[in-house]
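Here is the structure we will look at.
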Amino acid sequence: MSEAPTRVRWRVLAWLCSLSALAYVDRICIMQVRESIELDLGLTPALTAYAFSAFSLAYALLEVPGGWLADRLGARKVLTRIVVCWSILTALTGSAWSLASLVAFRLLFGAGEAGAFPTIARATRNWFPFRERGLAQGLIWMSARWGGAVAPLIIMVFARPLGWRLAFVMLGVLGAVLGAAFYLRFRDTPAQDGRPNAAEQELIGDARGAGGEQAPLSWPTLLRSPTLWWLSGMYFCSNAGWSFFATWITPYLNRDLGLSGLSLVLASGGPLLFGGVACLLGGFLTDRQVQVWGPRWGRTLQGAVAYGLGGLCLLGSIAATPEHIGLAYAALCLSSFVKDFGMAASWSTTIDVGHRYSGTVAGLMNAIGNLGQVVTVPIAAWIALLAGSAGHPGWETTLYYYAAMFFIAALCWLFVDPRRVIVYAEDRRRSSGEER
């Protein structure tokens, strides 16, 4: 009887999930102490929006180099560098003394964190077989969403006794410790790790992850691919719509739904908590659908339906406000939940079409996606200001904009084709059989 495969890949995934969660804790926690920062630095929400956009801009511009480096150098070196950089800049955020310094620190923070998720996607390809990648990506994005969900509570625990400045320092120290542990424990491939037995390495297909296929990346083929641009356009609109849950949800809950204190802190993370559950379920579902319908509809139909329903739920929240506060909040949570059924499909598609250059493809998709946040955060602040009264922004009106972004993302999904690898020259792709 042949030996059963070991399950080392799932322990490796636990490290990737931990870094994913920490990335979102450090990224989103600033929203919970936004008012304290504005009070200390003499800012308004419209001015603070520039700091949020600065993060997204730097993050977007360096996503492709980050993913490309992961393809060339391996996830271990690149992810360690990323974690160390974002931890240092998280700590330095606590020393901001003006709008300019806050924007500068958030800009550098975005540059430091850039490439994290493309590199994680590249590591996933090395450690997981095709039929498990959706589930792996679902767990990774569940961890990210849950990191964002607990971020308001974590920063409050630190900020209440220490103040917001020292709270950022504590988060930076936590990141540095986790980054050092990751470097000591993680290896780029099962063969380098040594713990997976032969059966698990065969299941994973380690030769591919170790670089067994050395075909060069064809930039002309990649950049001419319609799938790349529809996928990236989808992610632009996806991030634009989702950015509400990472930026302006707290002032919306406070101003339009009347929440405050601990209830506001907990409610701010609720949509991300439900979104995390959907990421996991969506990862499981897309793997099963691929087995039944193939990659074309096993990935894309799930994404299109998820974003369409997410937009409808945002409109439902508007309809329920202000007469039915509980129903309006439930619609927000449901929007985050159904939308995030598309997350695992999105990132699994980058691995499907990117092959051994999945880090580069994921970097391109995420770079364009984060530009959606760059433009959306100030646009939403401007819309809220116009819709407000007596100097108080009206955040409810911005939900129309966010819903429209989800609807456009749903349409883009229908033109994505995950069946063909898009990173090799045509003759090389045909000879290697890289079509599904």
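Read-outs: derived from the displayed coordinates by stated rules, not from any lab. Computed from a prediction, not measured in an experiment: that's the story for all the values here. Every residue, glycine as well, gets a Cβ built from its backbone with ideal geometry; the counts of neighbours run over all protein chains shown.
Where does each of 224-235, 3-14, 243-254 land if you order them by average Cβ count within 10 Å, highest first?
243-254, 224-235, 3-14
For the charge dipole of the chain, defined by +1 on Lys and Arg C-beta atoms and -1 on Asp and Glu C-beta atoms about the Cα centroid, which residue among 88, 47, 304 has the Cα displaced farthest towards the positive pole?
Result: 88.
Evaluate E = 1/(1 + (r/R0)^6) for residue 291 and residue 97, where r is the Cβ-Cβ distance and R0 equals 60 Å; express this FRET efficiency to the nearest 0.05.
Working: r = 56 Å, r/R0 = 0.93.
For R0 = 60 Å, the calculated efficiency reads 0.60.
Ranked highest first by the average count of other Cβ atoms within 10 Å around their residues, in what order do 260-269, 416-425 fall?
Numbers: 260-269: 16.1, 416-425: 20.5.
Ranking, from highest mean packing down: 416-425, 260-269.
Return the long-range amide H neighbours of residue 419 (sequence gap of 5 or more, or a different chain), with a cut-off of under 5 Å between placed amide H atoms.
Correct list: empty.
Listing 156, 343 from the residue with the fewest other Cβ atoms within 10 Å to the one with the most, what is the order?
Ascending number of Cβ neighbours within 10 Å: 156, 343.
Quick one: 3J(HN,Hα) in Hz for region 303-309, Karplus 6.51/-1.76/1.60 with θ = phi - 60°, rounded, Gly and Pro as x.
The phi angles translate into x, 4, 5, 4, 6, x, 5 Hz.
Using unit Cβ charges (K, R positive; D, E negative) and no other charged atoms, how large, in debye to the nearest 20, is the dipole of the chain about its Cα centre? Can you show the working numbers first?
Values: 34 positive and 26 negative charges, 158 e Å.
The calculated dipole for the chain is roughly 760 debye.
Given just the C-alpha atoms of the chain, how large is their convex hull per residue in cubic angstrom?
Hull volume over Cα atoms, normalised by residue count, gives 132 Å³.
At a 10 angstrom cut-off on C-beta neighbours, averaged per residue, how do the peptides 283-291, 83-91 rank from highest to lowest?
83-91, 283-291
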